[in-house]
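Enquirer: Can you keep this structure in mind? I'll have questions shortly.
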Amino acid sequence: MLLERLLKWMKYGLTLYGFPGIKGGIAPSSVPEYPDFLEKNKLNELNLKEKGRYFITLSPHYHPIMPLLLDVHSGAIAAQMTDTAYEPVRMDRYEEGDKSARRHMDSLNYYYSQKPNGGNIRVLWPSEGAISSESLDIFNEYGINICASGEELLSSSVGMDVHKPVFNRGKDIVPLYRVYAWKDTGLKIIFRDSGLSDLIGFTYGAWRGDDAANDLINKLNSIDDFDKGSIVSVILDGENAWEYYYENGFYFLNDLYSLIGSSVKINPLLIDEVLAICEPDTADNYFKLDGIIPGSWVNGNLRMWVGEERKNKAWIMLNEAKNEFLDSVNNKKISKRNIEAGFKNLMAAEGSDWFWWLGEDSPLSSQSSMEKIFRNLLKKIYIISGKPVPEYISESLSSTKKSIAEIGGIMQRGH
């Protein structure tokens, strides 16, 4: 079953980039279809097959940056907090962004629950760990019990370095290594340790597997020596790091899991098991968070998707296409079938990848492939809407100063 899924995604990747894609090959003329969701019964089968070893968490299908759908200007707040260059987006708002955010959540629940709004999605990995007060409110509305993000957001939101110990409830603790409750709701949040996560994502691939595993275990033991109640979250892109390891990380992971299994200090937890630590649901078992600075696990801000000339232009183009589509929908100028097709293309265009690759920090070959697909999605929206396609849709958004990027640009460090 897993091999079948892998083959589907390989086929999608080859269709998306083409065989010569790694050498800057020509992007496909049509937009490839995303592989289908993993069916609910197969998801349950996977979770039961190796019970206690892993837990599958979910993200919205098209991987949107929820804070930007809800407020396209929210990136400016995080940019100020993280002292990051930022160019304002020259539009009032992203039209009906709240409905778009809910549409992505409904789509996720549709495949895994009995009802479109509600159901059994309880653990969520927000796309790129991007959250805001508005998106957390929506997650709570949809019954999410726990989600995760990056430590930089927590530091910005509480106004301190969350790695530095504080005296709380009679002992020294490290704020990063605690569970947080969103306001007075049932939604809990954990924040990843960016330093440890980035060691796996960017550094250990060049080390011997046993040396890397021992180094990580030593760091975890040091955390335990200081703060026995620590919950350390190590979160990174699930697939991208391993191609840079010898034998795809086999020796590192084998040694790491062996050391964890024999440790008397380290207790590995599945993300849903973290919730059990918060029981009973009292303030003694978590910290309360009443506000959050909008951002992601990448440098604690949203700069990878907004705040740069080309990225901003893409948001404006998307918003204009969406407005034309909504006009046709509201005036009943298109069929029900085309409405469904239009929303599908719109949701795909709202995905994070198109904006990630735009801008001067990304390799030109990657930009070229992705921005062409983005413009094709917008073109489809205009055609479905029965509106003329603007000439600028045919103009490239590519612009770069780089020919190469660390790890090919597919991942970014937390800080």
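Read-outs throughout are calculated quantities, based only on the coordinates presented, and are distinct from any laboratory measurement. None of the values given here were measured: they were computed from a predicted structure. All Cβ positions, even for glycine, are placed from backbone atoms using ideal geometry, and neighbour counts span all protein chains on display.
Enquirer: Using Cβ contacts closer than 10 Å as the measure, can you line up Phe374, Phe191, Phe226, Phe55 from fewest to most?
Expert: Least crowded to most crowded, the residues run Phe226, Phe55, Phe374, Phe191.
Enquirer: Do the alpha carbons of any pairs in Lys99/Lys379; Lys99/Lys183; Lys99/Lys313; Lys336/Lys380; Lys99/Lys344 sit beyond 18 Å of each other, and which pairs?
Expert: Lys99/Lys379; Lys99/Lys183; Lys99/Lys313
Enquirer: When the chain is fully extended, how far beyond the present Cα-Cα distance does Phe250 get from Asp210, taking 0.36 nm per residue of separation?
Expert: My answer for the length gained is 13.3 nm.
Enquirer: For each of Lys332, Lys183, Lys372, count neighbouring Cβ atoms within 10 Å of the residue's Cβ, then give the residues from fewest to most.
Expert: Going from sparsest to densest Cβ surroundings: Lys332, Lys183, Lys372.
Enquirer: So if we plug the beta-carbon distance of Asn218 and Ile56 into 1/(1 + (r/R0)^6) with R0 = 30 Å, what FRET efficiency do we get, rounded to 0.05?
Expert: 0.50
Enquirer: If I stretch the segment between Ser262 and Tyr110 completely, what's the gain in nm (0.36 nm per residue apart, minus their alpha carbon distance), one decimal?
Expert: Contour length minus the Cα-Cα distance gives 50.6 nm.
Enquirer: If each of Leu364 and Asn331 carries a label point 7 Å out from its Cα toward its Cβ, how far apart are those two points in nm?
Expert: For Leu364 paired with Asn331, the spin-label model returns 4.2 nm.
Enquirer: Further question: Would you be so kind as to identify which of Pro363, Ala348, Asn330 lies farthest towards the positive end of the dipole of the stretch 309-409, taking Lys and Arg as +1 and Asp and Glu as -1 on Cβ and the Cα centre as origin?
Expert: With unit charges placed on the Cβ atoms, the residue in question is Asn330.
Enquirer: Right, next: As I understand it, the dipole of the stretch 101-205 uses +1 on the Cβ of Lys and Arg and -1 on the Cβ of Asp and Glu, about the Cα centre. Which of Ile173, Thr185, Ser127 lies farthest toward its positive end?
Expert: My answer, from the dipole projection, is Thr185.
Enquirer: Give me the one-decimal nm value for the distance between modelled label points at Gln80 and Asn285, 7 Å along each residue's Cα-to-Cβ direction.
Expert: Between Gln80 and Asn285, the simple spin-label model gives 3.8 nm.
Enquirer: Where a ≥ b ≥ c are the square roots of the eigenvalues of the C-alpha gyration tensor, would you call the stretch 38-289 rounded, which needs a/c under 1.5, or, failing that, prolate if a/b is larger than b/c, or oblate?
Expert: Verdict is rounded for the stretch 38-289.
Enquirer: Here is a further query. Going highest first, how would you order 167-174, 355-362, 60-67 by mean Cβ packing within 10 Å?
Expert: 60-67, 355-362, 167-174
Enquirer: Could you calculate the contour length gain from Arg122 to Ala341, that is, 0.36 nm times the residue separation minus the distance between their Cα atoms, to one decimal place in nm?
Expert: Extending this stretch completely gives an extra 76.0 nm.
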